[in-house]
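A quick write-up on the structure given underneath.
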Amino acid sequence: MILLTAVCSAFFNVDVNAVSIKKQSIKKFDSEMLYSLESNKLAGRYLEYKLDYILPIGNDVYFIGEQFKKETVQTEVPVTKVTVTTWQYTYMDVIVSKLNSSGEFEWIKNAPLRNWIELKSPHVFKQYIAVPTENNIYIMYNEHPKNLAIYQKPKYEPKDLKDIKTIHGTNFVFSAIATGNGQITRGVIFPNEDYCFAPIQERDEKFFPPEKTEIFVPGADNTIFIYTEDKGKDQFSSLKLK
């Protein structure tokens, strides 16, 4: 028996002996579901969603994507009367969902990343890294140092979370999401004090990565290599995941 999954529509059991195909509908990863996951309910009405990863692990499939808000801002320069257009992006909530071998969404979790950036041209790219291991899916990104303490509260308000607008002074953190039950463990990988995790160098638009590119290099034995920079200096750092 072979199991094939068609994203957001149905799954199919293919019996190669009987030469038959059995179709069963699955629940869609739809807008209503996305909005219910968004930790900021009001902002959720204005968000777009991008799917970044589809990871088959064992008999299950994991979908990982991110919600973001895009605003076009036009400002007139007082002296020249020239209108300047910029694009402001607020990246929010990395969403991880598990589609099990029965074609059902077993659980859906979110890591409420808060990242704001202003650009001179429209461009959406990954603000985080997702890496699977045997027992966890690691979501790694830059985080405001005050947010980890906020997550420890039994009930925190999304409005309490702090946005980051620069890299230096933040923390490079992880959310480890257990592939079995979806339990989330958070922690700091390193403070962004000197060499920092940087999706683009110094946020310089000359160094834009392609919108669908990967921003890490996989190594052997759950090791990855990431680009880090420090005000014009740069190096690659290796991370070992458990």
Mind checking which strands (runs of 3 or more DSSP E) fall wholly inside the stretch 28-139 and carry at least 3 residues that are at pLDDT below 90?
48-57, 60-76, 83-99, 105-119
Taking the stretch 159-175 and keeping only residues that are surrounded by 14 or more Cβ atoms within 10 Å (Cβ to Cβ), β-branched (Val, Ile, Thr) and assigned to a loop (DSSP other than H, G, I, E, B), one is left with Ile167, Thr170
For the structure I just gave you, tell me whether Glu66 is more than 18 Å from Val188 (Cα to Cα) and of a type in the set (Asp, Glu).
yes
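Please go through the stretch 56-76 and give me each residue that is hydrophobic (A, V, I, L, M, F, W, C), surrounded by fewer than 16 Cβ atoms within 10 Å (Cβ to Cβ) and under 27 Å from Glu134 (Cα atoms), ordered by number. Quick ask: steps written out before the conclusion?
So in the stretch 56-76, the residues hydrophobic (A, V, I, L, M, F, W, C) come out as 57, 61, 63-64, 68, 73.
Pick out the ones that are also surrounded by fewer than 16 Cβ atoms within 10 Å (Cβ to Cβ) and you get 57, 73.
Across the stretch 56-76, the qualifying residue is only Ile57.
Which of the residues that make up the stretch 77-89 are of a type outside the set (Phe, Trp, Tyr) and either in contact (Cβ under 8 Å) with a residue 24 or more places away in the chain or surrounded by 10 or more Cβ atoms within 10 Å (Cβ to Cβ) (or both)? If you could, list the steps in order and put the result at the bottom.
The initial filter retains those residues of the stretch 77-89 that are of a type outside the set (Phe, Trp, Tyr), namely 77-86, 88.
Result: Val84, Thr85, Thr86, Gln88.
Consider the stretch 140-158. How many of its residues are more than 17 Å from Ala176 (Cβ to Cβ) and not in a loop (DSSP other than H, G, I, E, B)? Spell out the reasoning first.
From the stretch 140-158, those more than 17 Å from Ala176 (Cβ to Cβ) are 144-146, 149-150, 153-158; that's our starting set.
Subsequent filtering for residues that are not in a loop (DSSP other than H, G, I, E, B) retains 149-150, 158.
Total satisfying the criteria: 3.
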Filter the stretch 203-217 for residues that are part of a loop (DSSP other than H, G, I, E, B) and surrounded by 13 or more Cβ atoms within 10 Å (Cβ to Cβ); the one that is modelled with the lowest pLDDT is Pro209
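The values are calculated or read from the model by the stated rules, or taken from the named source; none is laboratory data. Everything numeric in this text was worked out from a predicted model, so none of it was measured. Heads up, the Cβs are rebuilt from the backbone with ideal geometry, glycines too, and the neighbour counts pull from every protein chain shown.
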